[in-house]
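Data first, discussion second: the structure below is written as structure tokens.
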């Protein structure tokens, strides 16, 4: 896909991986709608950086745990920018703890944000993509969804669902020239890592990540952009984790 003047919707697009991805798509020529729950300084900064690239940027507010908000964000993107060619679902948050730590309402909320949102977003976006004869959808999974990780049963379950959703959607919509892939980041330098102790960070660098560095949101955004623009990749989940999920010792 040539991104020049294409239209992308990035959920969770005001910060972290979502913001880096929105900017990377704009650098390749796309106009971008960024979704967030709040019209805050981070959203304003991401919007400013995209507009500096002489690309249109709209903020579409909404909570991805709410089906009506998910559908409305797609509808607003179409109304404000004229369509949708690319959908990136980067919204989400970590729900940590064992099965006895995670309350039922938090368990369900995690599924709403990470999994059910994909259902509602795609039901709204895919018909628009079909009329445009082309589309690309990227789901943000996690290395935690590919390998076991203590104290993350909720997070790794919802993230583990996304590669299978990507495969199923890719197979269903291949005839419509709509490609669906997922990426599985490892330890990325975002706010997600803020609560980690310095000891844990050093252990990650020394013993868990073969490349001995954390990834950046821009690393992930580069991969996402490649999956969007490469017209012969669909149904895949690509790890981007410095080799963490492949190591045995």
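Throughout, read-outs are computed from the coordinates displayed, never taken from laboratory work. Small disclaimer: the values here were computed from a predicted structure and weren't measured. Ideal geometry is used to build each Cβ from the backbone, glycine not excepted, and the neighbour counts take in all protein chains shown.
Observations on the model:
- For the stretch 81-162, the relative contact order comes to 44 percent (Cα pairs under 8 Å, sequence separation of at least 6).
- Arranged from fewest to most other beta-carbon atoms within 10 Å of their beta carbon, 114, 89 become 89, 114.
- Axis of helix 217-229 versus longest Cα principal axis of the chain: the two differ by about 50°, to the nearest ten degrees.
- Seen against the Cα atoms of the chain and their longest principal axis, helix 16-27 is set at about 40 degrees.
- Spatial separation of Cα centroids for the stretch 112-186 and the stretch 2-26, in angstrom: 16 Å
- Contact order normalised by residue count of the stretch 122-174, Cα under 8 Å, 6+ apart, percent: 29 percent
- Cα coordinate range in the stretch 103-226, projected on the principal axes (Å, largest first): 52, 36, 22
- Degrees between helix 153-173 axis and first principal axis of the chain (Cα, 0 to 90, nearest 10): 40 degrees
- Spread of Cα-to-Cα distances over 5 Å intervals beginning at zero, given as percent, for the stretch 59-140: 3, 15, 24, 22, 15, 9, 6, 4, 2, 0
- For the stretch 226-249 and the stretch 32-94, distance of Cα centres in Å: 25 Å
- Entry note, the chain: relative contact order of 19 percent, from Cα contacts under 8 Å with a spacing of 6+ residues.
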